[in-house]
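> Below is the structure I would like to discuss, written out as structure tokens.
The values are calculated or read from the model by the stated rules, or taken from the named source; none is laboratory data. Nothing here was measured: the structure is a model prediction, and the numbers come from that model. Note that we place each Cβ from the backbone using ideal geometry, even for glycine, and neighbour counts take in every protein chain shown. For accessibility, only protein heavy atoms count, side chains too; no ligands or nucleic acids. Shrake-Rupley method; radii C 1.70, N 1.55, O 1.52, S 1.80 Å.
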Amino acid sequence: MPASSAAAAKAASSPDDKAAISVKDMRKCFGDHEVLKGISLEAHKGDVISILGSSGSGKSTLLRCINLLETPDSGEVRVDGELIRMKQGRDGHQTPADTRQVERIRANLAMVFQSFNLWSHMTVLENLVAAPTHVLKRPRAECLEQAEALLKRVGIWERRNYYPPHMSGGQQQRAAIARALAMNPKVMLFDEPTSALDPELVGEVLRVMRSLAEEGRTMLVVTHEMGFARDVSSQVMFLHKGEVDSVGEPKEMFARPPTQQFKQFIANFNK
Amino acid sequence: MDFDFYLSTMWSVLKALPLTLEIWFFGIAFGLIIATGLTWLRASGHRLGEYFTRGYVFIFRGSPLLVQLYLIYFGLSQFDFVRHSPILWPILRDPMYCTIVAMALNTAAYESEIFRGALRAVPVGQIEAAKAFGMSAFTRFRLVTLPIALRLALPAYSTEIILMTKATALASVVTIMEMMGTAQKIQHDTFRPIEVLTCAGVIYLLLNLSIARLFAWVEYLLSPHLRPAPEQSQQVKPVPEVL
Ligand SMILES: Nc1ncnc2c1ncn2[C@@H]1O[C@H](COP(=O)(O)OP(=O)(O)OP(=O)(O)O)[C@@H](O)[C@H]1O
Ligand SMILES: [Mg+2]
């Protein structure tokens, strides 16, 4: 793995129990198609890691294996030092050993989806309080208050009683980010949060994400927004065919692409 | 036109409405319970459960309700163990209970298919979001899958309930004097089938109209997110530059 910076070397060598999230040697096959071929990454509190890669390189699968929406074939995921325990299933594939642990960890890993996935039968406000009240068991009044504050922050408080189908994509995605924030997650996972948006709506979502990075949130962001990757993230990771092709400090990576693959990838974007 | 005859027939048939409603209500109530069980069995992923529900649907959806009713009322009493059973016999010797049992078993087959389809039509992304936020399987089902599936099932379910309203008329063949049985009796006594059947038909129509309106209203209440957006009273503020 051609590492380009000290950060990358550190991620590869010293497993740090204090990392907000660490993934070690994750592998995943769909049938005989090997989608992830041993991926490791580590994010400390406040890190923003942008995960880049061409279509089909396994970016979504990586995020989905981290919060176990897909079950990885092998590899370790630690959240705040806590290992997600797996057991060997009857068919030879591993499965989570303890669903309660998985649910607890997922609650710490709020996810923002490409297609928002807001619950369409709930108003925006209900979307924001559903998980905090039912998963974290926090008092409803307190959740409502926090939800309103979060909606003000992302600029859609006026729409709090709207249903998701009645809002623009950009508003829905901002609501989805607020829904994730309402969990006070340790790490936020973003899977191409702006890819389903009309170009003129991308900016409003990126602005919210930028503000999250600035306040020190730990984020893993799969994105095709090169500007965001370069200017906002603390680390850029480039996946190619299920492997970490290169990883490093963003300015450095973009100024001097460490591999031919990455060079080609950004060249295609600048066209 | 003999208005007095129409009026008196109307009145006689209407007096049998409570009995029709009783068959209807208990038929769909027990049917719903059985359908829920079948749907659960089918969704649980057990092999045997799947074979059982498929077989059940094949039999009760594939044969006429009238045949099922005859077999339950006349057929089952042929068996000694049924006649000597302290639980089965009081139910199966009573034509009213038999009709309710036949209707419940029959509608459960259709309803379990309706529910299965509705569950499968719940958008996968909404369930994944519930998973990703740490909801347990039960919470996920209660907060996301079930409310969405119910809304999806409602139109087909209301059609099935209307079919069941009409099916109550079959009770007349096992001697129940509900609306259809009453109408037939008047018809025999007066030899005026057209007037009598018109009266019965009109009452069934009005009954089904009310049921359809009721379901439309429930559907409306449950689906604010599928109606047009509310009037935009306030302009949406743009995201402030400094958050
Ligand atoms: N559930 C699945 N079953 C089978 N194959 C899958 C499944 N999910 C993903 N794949 C395959 O795995 C590969 C990686 O998919 P993935 O969605 O992770 O790519 P990606 O990097 O997110 O791409 P994109 O930029 O298009 O979102 C693709 O070839 C895809 O076809
Ligand atoms: Mg993807």
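To keep it simple, each residue is scored yes or no on (1) aromatic (F, W, Y); (2) in contact with an Asp or Glu (Cβ under 9 Å, 6 or more places away or on another chain).
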| position | (1), (2) |
| --- | --- |
| A:V112 | no, yes |
| A:F116 | yes, no |
| A:L128 | no, yes |
| A:R138 | no, no |
| A:A141 | no, no |
| A:L144 | no, no |
| A:L150 | no, no |
| A:W157 | yes, yes |
| A:Q172 | no, no |
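> Further question: Looking only at region B:122-150, which residues are among the charged types (D, E, K, R) and open to solvent by less than 50 Å² (accessible area, probe 1.4 Å)?
B:E128, B:R140
> All but one of (1) open to solvent by less than 10 Å² (accessible area, probe 1.4 Å); (2) facing chain B (nearest Cβ under 8 Å) hold for A:L151; state the number of the condition that does not hold.
The single condition A:L151 does not satisfy is (2).
Yes/no per residue for (1) closer than 28 Å to A:T123 by Cβ; (2) modelled with pLDDT of 90 or more; (3) not aliphatic (A, V, I, L, M):
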position: B:A183; (1), (2), (3): no, yes, no
position: B:D189; (1), (2), (3): no, yes, yes
position: B:P193; (1), (2), (3): no, no, yes
position: B:L209; (1), (2), (3): no, yes, no
position: B:L214; (1), (2), (3): yes, yes, no
position: B:L226; (1), (2), (3): yes, no, no
position: B:A229; (1), (2), (3): yes, no, no
position: B:S233; (1), (2), (3): yes, no, yes
position: B:V236; (1), (2), (3): yes, no, no
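> Here is a follow-up. Are any residues in region A:107-118 within 16 Å of ligand 1 (Cβ to nearest atom) and either assigned to a loop (DSSP other than H, G, I, E, B) or open to solvent by 20 Å² or more (accessible area, probe 1.4 Å) (or both), and if so, which ones?
Listed by number, the residues that qualify are A:F113, A:Q114, A:S115, A:F116, A:N117.
> Next up: One residue is enough: does region B:95-114 have a residue meeting the conditions small (G, A, S) and open to solvent by 20 Å² or more (accessible area, probe 1.4 Å)?
Within region B:95-114, none of the residues are small (G, A, S) and open to solvent by 20 Å² or more (accessible area, probe 1.4 Å).
> For residues that are at the interface with chain B (Cβ under 9 Å from one of its Cβ atoms) and aliphatic (A, V, I, L, M), scanning just region A:119-134, find the one that is surrounded by the most Cβ atoms within 10 Å (Cβ to Cβ).
Going through the qualifying residues, I end up with A:A131.
> Does A:S50 meet the test of being touching a residue at least 60 places away in the same chain (Cβ under 8 Å), within 22 Å of A:E252 (Cβ to Cβ) and surrounded by fewer than 20 Cβ atoms within 10 Å (Cβ to Cβ)?
Answer is no for this residue.
> Somewhere in region A:179-190, is a residue open to solvent by less than 60 Å² (accessible area, probe 1.4 Å), touching a residue at least 60 places away in the same chain (Cβ under 8 Å), away from every other protein chain (no Cβ under 14 Å) and at negative phi?
No.
> If the requirement is being out of contact with any Cys (no Cβ under 8 Å at 6 or more places or on another chain), away from ligand 1 (no atom under 16 Å from the Cβ) and at pLDDT below 90, which of these qualifies: A:P199, A:P185, A:P164?
Going through A:P199, A:P185, A:P164 in turn, the sole match is A:P199.
> Let me ask something else about it. Scan region A:105-122 residue by residue and report those that are away from ligand 2 (no atom under 16 Å from the Cβ) and touching a strand residue (DSSP E or B) at 6+ places or on another chain (Cβ under 9 Å).
Passing the criteria: A:I105, A:N108, A:L109, A:A110.
> Now, a different point. Residue by residue through region B:189-200, note down the ones that are open to solvent by 30 Å² or more (accessible area, probe 1.4 Å) and on the phi < 0 side of the Ramachandran plot.
B:D189, B:T190, B:R192, B:P193, B:I194, B:E195, B:L197, B:T198, listed by residue number.
> Say we look at region A:53-68 and pick out the residues that are within 14 Å of chain B (Cβ to nearest Cβ) and within 12 Å of ligand 2 (Cβ to nearest atom); which of these is least open to solvent (accessible area, probe 1.4 Å)?
A:L63
> Out of all the residues in region B:2-28, which are in contact (Cβ under 8 Å) with a residue 60 or more places away in the chain and among the aliphatic types (A, V, I, L, M)?
Across region B:2-28, the qualifying residues are B:M10, B:V13, B:L14, B:A16, B:L17, B:L19, B:I23, B:I28.
> When you scan region A:157-175, do you find a residue that is under 30 Å from A:K18 (Cα atoms) and among the hydrophobic types (A, V, I, L, M, F, W, C), even just one?
No, region A:157-175 contains no residue that is under 30 Å from A:K18 (Cα atoms) and among the hydrophobic types (A, V, I, L, M, F, W, C).
> For a quick check of your reading: which strands (runs of 3 or more DSSP E) sit entirely within region A:209-251 and have at least 1 residues that are within 14 Å of another protein chain (Cβ to nearest Cβ) and within 16 Å of ligand 1 (Cβ to nearest atom)?
Hits in region A:209-251: A:219-222.
> Moving on. What number goes with the only condition from (1) open to solvent by less than 20 Å² (accessible area, probe 1.4 Å); (2) under 19 Å from A:F265 (Cβ atoms); (3) more than 16 Å from ligand 2 (Cβ to nearest atom) that A:D231 does not pass?
Tallying (1) open to solvent by less than 20 Å² (accessible area, probe 1.4 Å); (2) under 19 Å from A:F265 (Cβ atoms); (3) more than 16 Å from ligand 2 (Cβ to nearest atom), A:D231 fails exactly one: (1).
> Being in a strand (DSSP E or B), open to solvent by 50 Å² or more (accessible area, probe 1.4 Å) and at pLDDT below 90 narrows it down to one of A:K37, A:K10, A:K24, A:K87, so name that one.
Only one candidate qualifies: A:K87.
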